[in-house]
1. Where in the stretch 21-139 are there strands (runs of 3 or more DSSP E), lying fully within it, with 2 or more residues that are over 24 Å from Thr172 (Cβ atoms), modelled with pLDDT of 90 or more and out of contact with any Cys (no Cβ under 8 Å at 6 or more places or on another chain)?
2. Is it fair to say Arg207 is basic (Lys, Arg) and crowded, with 18+ Cβ neighbours inside 10 Å?
3. Restrict the check to the stretch 328-337 and report whether at least one residue is open to solvent by 20 Å² or more (accessible area, probe 1.4 Å), farther than 30 Å from Val235 by Cβ, modelled with pLDDT of 95 or more and assigned to a loop (DSSP other than H, G, I, E, B).
4. Looking at the stretch 223-245, which of its residues are more than 23 Å from Ala264 (Cβ to Cβ), of a type in the set (A, V, I, L, M, F, W, C) and in contact with a strand residue (DSSP E or B) (Cβ under 6 Å, 6 or more places away or on another chain)?
5. Cβ-Cβ distance below 7 Å, separation of 6 or more or different chains: which pairs start in the stretch 366-395 with a residue that is of a type in the set (Phe, Trp, Tyr) and end on one that is buried (at least 16 other Cβ atoms within 10 Å of the Cβ)?
6. Would you please list the contacts, defined by Cβ atoms under 9 Å and residues six or more apart or on different chains, that run from a residue in the stretch 247-274 that is over 24 Å from Arg212 (Cα atoms) and without any contact (Cβ under 8 Å) to a residue 60 or more places away in the chain to a residue that is open to solvent by 80 Å² or more (accessible area, probe 1.4 Å) and of a type outside the set (Gly, Ala, Ser)?
7. Determine which single condition Val70 fails, assuming it passes every other condition in (1) under 29 Å from Asn402 (Cα atoms); (2) open to solvent by 10 Å² or more (accessible area, probe 1.4 Å).
8. Of all residues in the stretch 309-327, which are crowded, with 18+ Cβ neighbours inside 10 Å and either over 20 Å from the mean Cα position of the chain (by Cα) or not in a loop (DSSP other than H, G, I, E, B) (or both)?
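The values are calculated or read from the model by the stated rules, or taken from the named source; none is laboratory data. Model, not experiment: these values are computed from the prediction. We place every Cβ from the backbone using ideal geometry, glycine too, and count neighbours over all the protein chains shown. Side chains are part of the model used for accessible areas, which takes the heavy atoms of the whole protein and leaves out ligands, DNA and RNA. Shrake-Rupley method; radii C 1.70, N 1.55, O 1.52, S 1.80 Å.
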Amino acid sequence: MSNVSQKKNCMYTFRPFVFIKIVPKLLEGLPNAPKARSGHRVVCDDKNLYSFGGYNPSIHNDPDIRDDPVWLESRPLFKELWKYNFASKMWKRVACKGSIPNELASNAVILKGGTMMIFGGTGYPFGTTCSNQLYVCNLREDYNMQLVNMEGSFPPKQYGQALVLDGPYLYTVGGTTGFDYTADVHRLDLRKGVWEEMYMCTGKAWREPQGRYRHELAFDGTRIYLLGGGTAEEVYGFQEIPAFNLLTGLWENLTTRCDPEAPAPGIPASRRCHGCVQMLNSGQREAVAYVCGGYNGTEIFHDVWRLELHSLQWTHMRKCYLPYAVYFHSVAITPAGCMYSFGGIVGGENNNRRTADVHCAWMCIPKLTEICWEAILYYNPNLHSAPKERLLNCGLPLEFVNRIE
């Protein structure tokens, strides 16, 4: 009987809406995993999770990095790009070519195809140097990072802003200089490299949102939804969500619908420095956003909430929550719907302990092929070391074999 139970415990089980801690494989003698950090940004495709930048003031004497020239150049910031391969479960620090920004904390980052776009951010001390420059990095070929030549009405130099991509247009909303907070909207035409002002808040229109940083954005093709965020003294909530309408060029105040089965008031608590991802609801093909973690100045959160953009309905994911409360972490979601969370601060103001943990959770029921691929990797943890031809001869689809790096 005990043998049967042990066998069952070793079997692969697909578990949606449950966060699992990833245990990366490490190679002895190499700096092969990123150190604990906050203020970094992550994106992911179907193969890799990419992490850029970050901050940690507490590891000056770490023997693994104190002689590392990359760390010495930028400390206490991390001037580096890491990638984590889902198939091999291995981290690798990527040697970027070209020009890498010096503003490495609270950037805004977005992924389009194989190109990562990095905008804004701050150096250290925070706010002393900020950026309004856009860098692009080719993640599929040579990891060349380039500064984009731009003109027009630039956004101010800030950090903690957020981005939305709509075809050839890149929108940035909000941010702070460290002293002033905005909710202004600027748009960059990526074809021409020209910035333009879409909406400059004056404080005179009642629908204008208050200035903020470390908020998140969601987008349904018409409206840009401003989710949470705050200032050094305030945090903003989710009962009424400011939305910028691209058709009218105006801000709107939209009232959300509470979850009647969640504890009152049935909406997420106000917060900043949280994570947010967006995906399509596979059943209704409607856009949904997931908000997780964050901080309100007193309490750190580990809850997960879903917002259906078409109905503005909140749902508290009662059985889906981060393993511990965290903020200043960063999250991203794969095209198939698996959300990854990396790093962040897991202590309060008197215990700012940072983490390098990676957790993931499926936020949908993916295609059966994705589940089968997970099972194959589970039972064959060294699959990444096998020759590619051998894997193809065994019948594994090229689409999945190409995910191994």
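1. Values: elements: 41-44, 48-52, 81-85, 90-94, 108-112, 115-119, 134-138.
It comes to 81-85, 90-94.
2. Working: basic (Lys, Arg): yes; crowded, with 18+ Cβ neighbours inside 10 Å: no.
Criteria not met by Arg207.
3. Filtering the stretch 328-337 for residues open to solvent by 20 Å² or more (accessible area, probe 1.4 Å) gives 328, 333, 335-336.
If we keep only those that are farther than 30 Å from Val235 by Cβ as well, we get 335-336.
Those still in the list that are modelled with pLDDT of 95 or more too: 335-336.
When the remaining residues are screened for being assigned to a loop (DSSP other than H, G, I, E, B), the result is 335-336.
Yes: one or more hits.
4. Residues satisfying the conditions are Ile224, Leu226, Ala243, Phe244.
5. The qualifying pairs are Trp373/Phe400.
6. Glu261/Arg318; Ala262/Arg318
7. (1)
8. Filtering the stretch 309-327 for residues crowded, with 18+ Cβ neighbours inside 10 Å gives 309, 314-317, 320-322, 325-327.
Hits for the stretch 309-327 are Trp314, Thr315, His316, Met317, Cys320, Tyr321, Tyr327.
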